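A.B. asks: Take this structure, written in structure tokens, and hold onto it; I'll ask about it next.
The values are calculated or read from the model by the stated rules, or taken from the named source; none is laboratory data. Every value quoted in this text rests on a predicted model; they were computed, and no experiment measured them. Neighbour counts are summed over all protein chains in view; Cβ atoms, including those assigned to glycine, are modelled from backbone coordinates with ideal geometry. These area figures cover heavy atoms from the full protein model, side chains too; ligands, DNA and RNA do not enter into them. Shrake-Rupley method; radii C 1.70, N 1.55, O 1.52, S 1.80 Å.
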Amino acid sequence: MIPFLYHSVVSTSAPALRLWLEYRARQGKEDPERLPERRGIASHPRPAGPVLWIHAASVGESLSVLPLLQSVMTARPSWSAVLTTGTRTSARLLPSRLHDIGVGRIIHQFVPLDHPRWVGRFLDHWQPNLALWVESELWPNLLKACRERRIASALVNGRMSEHSFQRWRLAPALIRDMLSGFSLCMGQSPEDTQRLQELGARNPVCPGNLKYASPPLPVDLDKLEAARNVIKNRPVWLASSTHPGEELMAGQVHRAMAAQIPDLLTIIVPRHPERGEDIARELMDRGMTVALRSHGSAPDQDCDVWLADTLGELGLFYRLCPVSFIGKSLLGTGGQNPLEPARLGSAVVFGPHMENFAEISIRMLQHRAAIQVPDAEELTRTVQQLLLQPGMRETLTQSAQSFCHQEASVLERIMAHLLPLCDSGAS
């Protein structure tokens, strides 16, 4: 009954969904020129030959799947791929990342909203031979349409947190209907795999977490050298992928450490760069000097905070800073990927809320590859220790890099499950 009701309600909502998309475009949350893609209208012709469709929610999920996408394209050179996401940030970032991996047979599109007619239009145009869904981005009508068209579907790096598990148990028929449509269901941890099975996934497997296979974040070496010349020998730390409230917290941490660490520079990279000017005003209202990278400003000797409100430069700042705090983990909920700074030799510190990276963060703590702090006061003490004690910092970063290398074979295990599906889908 619940799947039927969902389908019925969404089927009658096209006028409201159009208005909602237009409103989001005015708010800067949708690309006005690409709104037709959200209604399933393709902006590219379908390539000849087999097509792989991969859907990932946003930046983190889409970047994590790039090594897998590259491996499939290498193993099956006759295939092309369509990679869909739902955010403007991912759409702006992906072209450079796709260029970096050197595969020209990949097209980015915005995923259509889950309206049956728009979904049907999307699938009728692209006619994918295989559909891969990344982590937890599941849409009932899209999955239903794939099943009706007999398009093989697989869940890759499936994530089901305890919170989501309890929520889905309130709608068992809907989640069972979605999960039962997967020919292959790969959980990213044993806990995720068990929860997916209890909710209705058929014969799920756990080859490991795909995020372990991600390469180091890229960097423009000229920009990195320029940044090093600006900072010179100043002690510096990073608050990365911050969410509202964490920037002011980083400013408080800076002030608390400044008396003990002369010439300290704090770098903040907000998760959403468009918030940059608002963040700068908040910090300056509290008496801090701020340089905005989006305005071309570089920190002088008296600058407290370098606010890097730009896109796609985390690889630069993780290389630049010996200590990194992971945003959305102290005042937010869910955290961000702690493997990214660890791979680049930056000591990792995060708060108690790492639900979106629970398995990774727990294992990093077990291997003494990261430090978890409960509040801003302990964050101050920990960052200060790491900056003032190079030996402690080096021990932490070496443990983190060793940990990152332990799971290098996860991509091979995932590919072993996936390639047979590619072959059956192309036949």
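A.B. asks: Looking at (1) touching a helix residue (DSSP H, G or I) at 6+ places or on another chain (Cβ under 6 Å); (2) not assigned by the TED database to the domain that holds residue 248, which one does residue 386 not meet, given that it meets all the others?
C.D. replies: Residue 386 satisfies all of (1) touching a helix residue (DSSP H, G or I) at 6+ places or on another chain (Cβ under 6 Å); (2) not assigned by the TED database to the domain that holds residue 248 except (2).
A.B. asks: Report whether or not residue 153 is outside any loop (DSSP other than H, G, I, E, B), on the phi < 0 side of the Ramachandran plot, among the polar types (S, T, N, Q) and touching a residue at least 60 places away in the same chain (Cβ under 8 Å).
C.D. replies: Spelling it out, it is not the case that residue 153 is outside any loop (DSSP other than H, G, I, E, B), on the phi < 0 side of the Ramachandran plot, among the polar types (S, T, N, Q) and touching a residue at least 60 places away in the same chain (Cβ under 8 Å).
A.B. asks: Looking for whichever is open to solvent by less than 10 Å² (accessible area, probe 1.4 Å) and modelled with pLDDT under 95 here; the options are 62, 71, 58. Which one fits? Talk me through it step by step, then tell me what you get.
C.D. replies: Working: 71 fails: open to solvent by less than 10 Å² (accessible area, probe 1.4 Å); 58 fails: open to solvent by less than 10 Å² (accessible area, probe 1.4 Å).
Of 62, 71, 58, the one residue that is open to solvent by less than 10 Å² (accessible area, probe 1.4 Å) and modelled with pLDDT under 95 is 62.
A.B. asks: For residues that are open to solvent by 10 Å² or more (accessible area, probe 1.4 Å) and outside any strand (DSSP E or B), tally how many sit in region 266-298.
C.D. replies: Residues that pass the stated criteria total 21.
A.B. asks: Kindly indicate whether residue 133 is at pLDDT 95 or above and within 20 Å of the chain's Cα centre (by Cα).
C.D. replies: yes
A.B. asks: Still on this model: Does region 88-110 contain any residue that is out of contact with any Asp or Glu (no Cβ under 9 Å at 6 or more places or on another chain), part of a loop (DSSP other than H, G, I, E, B), aliphatic (A, V, I, L, M) and under 24 Å from residue 13 (Cβ atoms)?
C.D. replies: The answer is no; no qualifying residue exists.
A.B. asks: Any idea which residue in region 158-174 is surrounded by the most Cβ atoms within 10 Å (Cβ to Cβ), counting only those that are assigned to a helix (DSSP H, G or I) and in contact (Cβ under 8 Å) with a residue 12 or more places away in the chain?
C.D. replies: Restricting to residues being assigned to a helix (DSSP H, G or I) and in contact (Cβ under 8 Å) with a residue 12 or more places away in the chain, the top hit is 168.
A.B. asks: In addition: Among the residues of region 327-334, is there at least one that is in a helix (DSSP H, G or I) and open to solvent by 30 Å² or more (accessible area, probe 1.4 Å)?
C.D. replies: no
A.B. asks: Got a sec? Which of 370, 400, 416 is under 27 Å from the mean Cα position of the chain (by Cα), open to solvent by 50 Å² or more (accessible area, probe 1.4 Å) and not charged (D, E, K, R)?
C.D. replies: Exactly one of 370, 400, 416 is under 27 Å from the mean Cα position of the chain (by Cα), open to solvent by 50 Å² or more (accessible area, probe 1.4 Å) and not charged (D, E, K, R), namely 416.
A.B. asks: Every residue in region 175-192 that is surrounded by fewer than 20 Cβ atoms within 10 Å (Cβ to Cβ) and touching a residue at least 24 places away in the same chain (Cβ under 8 Å), please.
C.D. replies: Matches in region 175-192: 176, 177, 183, 191.
A.B. asks: Does at least one position in region 249-260 carry a residue that is over 19 Å from residue 347 (Cβ atoms), among the hydrophobic types (A, V, I, L, M, F, W, C) and in a loop (DSSP other than H, G, I, E, B)?
C.D. replies: yes
A.B. asks: On to the next question. If you check 188, 197, which single one turns out to be within 26 Å of residue 218 (Cβ to Cβ) and assigned by the TED database to the domain that holds residue 34?
C.D. replies: Working: 197 fails: within 26 Å of residue 218 (Cβ to Cβ).
After ruling out the rest, the residue left standing is 188.
A.B. asks: Hey, could you check region 193-226 for residues that are without any contact (Cβ under 8 Å) to a residue 40 or more places away in the chain and among the hydrophobic types (A, V, I, L, M, F, W, C) and say which is nearest to residue 146 (Cα to Cα)?
C.D. replies: 199
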